[in-house]
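The values are calculated or read from the model by the stated rules, or taken from the named source; none is laboratory data. Keep in mind that this is a model prediction, so the values were computed, not measured. Reconstructed Cβ throughout: ideal geometry from the backbone, glycine too, with neighbour counts over all protein chains shown. In case anyone asks, the SASA skips ligands and DNA or RNA and just uses the protein heavy atoms, side chains included. Shrake-Rupley method; radii C 1.70, N 1.55, O 1.52, S 1.80 Å.
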Amino acid sequence: MKAYVFPGQGAQFTGMGKELYENSAEAKELFEKANEILGFRITDIMFEGSAEELKETKVTQPAVFLHSVILFKTLNAQPDMVAGHSLGEFSALVANGALRFEDGLKLVSQRAMAMQKACEIAPSTMAAVLNLEDKVVEDICTEIDGVVVAANYNCPGQLVISGELKAVEEACEKLKAAGAKRALILPVGGAFHSPMMEPAREELAAAIEATSFNIPSCPVYQNVTASAVSDPAEIKKNLIAQLTGAVKWTQSVNQMIADGATSFTEVGPGKVLVGLVKKINNEVETISA
């Protein structure tokens with residue numbers, strides 16, 4: 001069975017999508033439609049912009065979404081299952097028909113703005129922790145005063161924590177003392193996938209509730225459940241919970257394999273996810289579209 005996976009924030013690069021735009025009439029039409037919906041020419045920034053411009057909140061998330069979704073549409077692929085890492089879950093939901101392209105883009109744009117606002121409320125951050133058991137990381141996080149939680153289960157031995165700046169810094173010291181190879185503060189705007197995103201979750205919840213979702217052509221393995229979901233009401237609920245909940249990527253990939261996935265195709269900028277899939281299970285086939 002074929003699994004298609006979609007990357008999240010951080011995969012962006014200057015020039016992304018340019019080849020698609022120039023070589024496919026369908027892609028060009030969708031990119032231009034995106035410029036209209038967003039009210040600015042995101043294609044100019046994607047194709048020619050600097051790394052700094054691409055890092056702007058209103059740009060990054062829609063850019064990665066557009067690259068993934070438009071590339072997917074040109075592949076004429078028939079996935080048996082889909083999943084996306086964080087933001088990538090929205091791309092996955094357009095790929096399996098649960099969301100219309102236009103609605104997906106609007107939600108991603110609203111998500112980016114809501115997250116930015118939440119980041120400005122209090123100093124917060126994320127940190128990557130390498131070579132420690134998940135359970136050890138989780139236990140240390142619970143010992144810290146303040147908000148710090150396990151946020152991204154990327155692959156065995158790679159977990160990202162998220163929360164208040166001081167709490168994350170303190171957790172990093174304790175994690176190093178406990179034997180972590182590295183506990184490194186990441187250059188991100190705030191504490192994604194933690195309780196610090198509650199204001200963004202509330203804002204996005206209203207937008208998601210107001211959007212119509214369809215019955216998908218194949219199940220999506222959602223970040224917060226790491227299980228196959230096809231019911232539109234459940235998809236919505238999990239999508240809302242995702243902003244403050246953990247990205248269970250390791251668990252999702254393992255479940256997809258248990259459910260019959262034999263190949264994973266990453267669709268979008270970069271090759272981060274195929275790398276993670278290999279670290280989770282090096283026997284499945286991985287393809288970078």
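Structure above, values below:
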item	result
Residues satisfying the stated conditions in the range 96-118, i.e. hydrophobic (A, V, I, L, M, F, W, C) and open to solvent by 20 Å² or more (accessible area, probe 1.4 Å)	MET113
The range 196-250: number of residues that are of a type in the set (Lys, Arg), open to solvent by 40 Å² or more (accessible area, probe 1.4 Å) and outside any loop (DSSP other than H, G, I, E, B)	2
Those residues of the range 18-60 which are modelled with pLDDT of 95 or more, out of contact with any Ser or Thr (no Cβ under 7 Å at 6 or more places or on another chain) and outside any helix (DSSP H, G or I), in sequence order	GLY39, PHE40, ARG41
Within the range 79-136, considering residues that are of a type in the set (S, T, N, Q) and part of a loop (DSSP other than H, G, I, E, B), the one farthest from GLY179 (Cα to Cα)	ASN96
Test for VAL64: is it crowded, with 18+ Cβ neighbours inside 10 Å, part of a helix (DSSP H, G or I), touching a strand residue (DSSP E or B) at 6+ places or on another chain (Cβ under 9 Å) and β-branched (Val, Ile, Thr)	yes
Residues of the range 177-191 satisfying the condition of being assigned to a loop (DSSP other than H, G, I, E, B) and either within 20 Å of LYS55 (Cα to Cα) or out of contact with any Leu (no Cβ under 9 Å at 6 or more places or on another chain) (or both)	LEU186, PRO187, VAL188, GLY189, GLY190, ALA191
Residue within the range 82-92 that is over 22 Å from PRO199 (Cβ atoms), open to solvent by 20 Å² or more (accessible area, probe 1.4 Å) and in contact with a Cys (Cβ under 8 Å, 6 or more places away or on another chain) present	no
ILE215 of a type in the set (A, V, I, L, M, F, W, C) and either under 26 Å from MET115 (Cβ atoms) or modelled with pLDDT under 95 (or both)	no
